[in-house]
Amino acid sequence: MSDDALFPLELVRQDTHDAGPRLIAPGAVQVPGWLTPEQQRWIVDRYGEWTQGPVPLRAATLPGGHQMSVRTVCLGWHWKPYSYSREASDVNGRRVLEFPDWMVRLGRQAVAAAYSPEIVEDPSLAELAVNYTPDAALVNFYNDGAAMGMHQDKDERSNAPVVSLSIGDTCTFRFGNTETRTKPYTDVELRSGDLFVFGGASRFAYHGIPKVLPDTAPDSSGLSHGRINITMRVTGLS
Ligand code: MD3
Ligand code: FE
C-alpha cells in the first residue's frame with residue numbers, strides 16, 4: 001500500500017519544514033535547514049570561543065530592573081538595552097570581538113538564499129545581497145525556560161535586513177506586526193539550521209520567542225543543550 005493511502009494528505013498536517021523556503025510576510029522569509037549539520041557544528045565551536053571573552057555571556061538588565069532570561073555575547077558592536085557601543089560598559093568594559101569576515105560572507109549568502117526571485121515578490125530585495133555588510137551580531141543562548149518578549153529592533157540606524165540563524169533546540173518564534181506588540185501575529189517553528197531574513201516591510205515588525213522546546217536539538221547540531229540564535233545587523237554606526 002502506498003503512503004498516500006495510509007496518510008491521506010487532507011488528514012495529515014504538512015510539515016512546514018519539508019516544503020522549502022517560505023514567505024511569512026512581505027520581506028520575511030524562512031529557509032528551513034539552510035545551515036548544513038557541518039556548518040552548525042562549526043558555528044557551535046566558534047560560539048564556544050566567543051563566550052571565552054573578552055566579554056562573557058551576560059543576561060542584560062532592562063531599564064525597568066528585570067533581567068532577561070536569554071544570555072548574549074556580541075560581535076562587532078556590543079548591544080545593551082537600548083544602544084550599541086564598542087565596549088561592554090554593562091559587563092566588564094572590554095571591547096567586543098571584531099565582526100568576522102566569514103560572517104559577512106555568510107550573511108550575503110543568507111540574504112541571497114532568502115530573497116531569491118522564486119520566493120520574494122519585490123525584485124529590489126534580491127539586489128540587497130551583493131552589498132549586504134553586517135557589522136554587529138547578537139549571539140543569544142536560550143537555556144530551558146528562557147524566552148524573549150515581543151519587541152522591535154530599532155536601535156540600528158539602517159533599514160538593512162536582519163539575518164537570523166538558529167542552532168540547537170526548536171523554538172516557537174512569534175512574528176507580529178509593525179503597529180502593536182499584540183495580535184495579529186503568526187507563530188512559526190524554528191529548528192536547528194533554519195535561516196530567517198527580515199527586511200523590507202518586515203524590518204520593524206514586533207517579534208519574540210514565547211518558548212523553547214527542551215531536548216529537541218538533533219545530535220548533528222553539535223549543541224547538547226539549549227538554543228543558539230545569531231542575528232546579524234547593519235548598525236549604520238561608525
Ligand atoms: C524581525 N532574537 O536578538 S530571531 C533579537 O531567536 C531577537 O533569539 C530572537 O529577536 C531569537 O533581537 C529572534 C528573529 C528576528 C530577529 C530580528 C528581527 C526577527 C526579527 C528584526 C526585525 C524583525
Ligand atoms: Fe529582535
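The values are calculated or read from the model by the stated rules, or taken from the named source; none is laboratory data. Quantities reported herein were computed from a predicted structural model and do not represent experimental measurements. In this analysis, Cβ positions are derived from the backbone assuming ideal geometry, glycine residues included, and neighbour counts consider all displayed protein chains. What goes into the accessible areas is simple: the full protein's heavy atoms, side chains included, and nothing from ligands, DNA or RNA. Shrake-Rupley method; radii C 1.70, N 1.55, O 1.52, S 1.80 Å.
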Does segment 220-235 contain at least one residue that is free of Cβ contacts under 8 Å to residues at least 24 places away in the same chain and part of a strand (DSSP E or B)? no
Every pair of residues 6+ apart whose Cβ atoms lie under 7 Å, when the first sits in segment 153-177 and is within 25 Å of H78 (Cα to Cα) and modelled with pLDDT of 95 or more while the second is open to solvent by less than 10 Å² (accessible area, probe 1.4 Å) and acidic (D, E): S166/D194
State the number of residues belonging to segment 10-60 that are at pLDDT below 95 and in a helix (DSSP H, G or I). 5
Hey, among the residues in segment 131-154 that are within 10 Å of ligand 1 (Cβ to nearest atom) and touching a helix residue (DSSP H, G or I) at 6+ places or on another chain (Cβ under 9 Å), which one's farthest from L223 (Cα to Cα)? A137
Here are some conditions: (1) open to solvent by 50 Å² or more (accessible area, probe 1.4 Å); (2) more than 13 Å from ligand 2 (Cβ to nearest atom). V234 meets all but one. Which one does it not meet? (1)
Name every residue in segment 70-91 that is without any contact (Cβ under 8 Å) to a residue 60 or more places away in the chain, part of a strand (DSSP E or B) and farther than 19 Å from E49 by Cβ, in order of residue number. K80, S85, E87
Quick check on F196: is it assigned to a strand (DSSP E or B), under 20 Å from Q39 (Cα atoms) and hydrophobic (A, V, I, L, M, F, W, C)? yes
Listed by first then second residue, the pairs whose first member lies in segment 92-108 and is in contact (Cβ under 8 Å) with a residue 40 or more places away in the chain, whose partner is of a type in the set (V, I, T), with beta carbons under 7 Å and at least 6 positions apart or on separate chains, are R94/V55; V96/V55; G107/V163
Somewhere in segment 29-47, is a residue touching a Leu at 6+ places or on another chain (Cβ under 6 Å) and polar (S, T, N, Q)? no
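Which of the residues that make up segment 57-88 are within 20 Å of the chain's Cα centre (by Cα), more than 13 Å from A136 (Cα to Cα) and open to solvent by 10 Å² or more (accessible area, probe 1.4 Å)?
Pass one, segment 57-88, residues within 20 Å of the chain's Cα centre (by Cα): 57-60, 68-84.
Among the residues that remain, those that are also more than 13 Å from A136 (Cα to Cα) are: 57-60, 68-71, 81-82.
Across segment 57-88, the qualifying residues are L57, R58, A59, M68, S69, R71, P81, Y82.
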Report yes if D135 is among the acidic types (D, E) and in contact with a Gly (Cβ under 8 Å, 6 or more places away or on another chain), otherwise no. yes
Counting only residues that are away from ligand 2 (no atom under 12 Å from the Cβ) and assigned to a loop (DSSP other than H, G, I, E, B), segment 140-180 contains a total of 16
Picking from A137, A110, A114, which residue would you name as being small (G, A, S), under 14 Å from the mean Cα position of the chain (by Cα) and within 13 Å of ligand 2 (Cβ to nearest atom)? A137
Filter result for L138 (surrounded by 15 or more Cβ atoms within 10 Å (Cβ to Cβ), out of contact with any Ser or Thr (no Cβ under 8 Å at 6 or more places or on another chain), of a type outside the set (S, T, Y) and under 22 Å from A88 (Cα atoms)): no
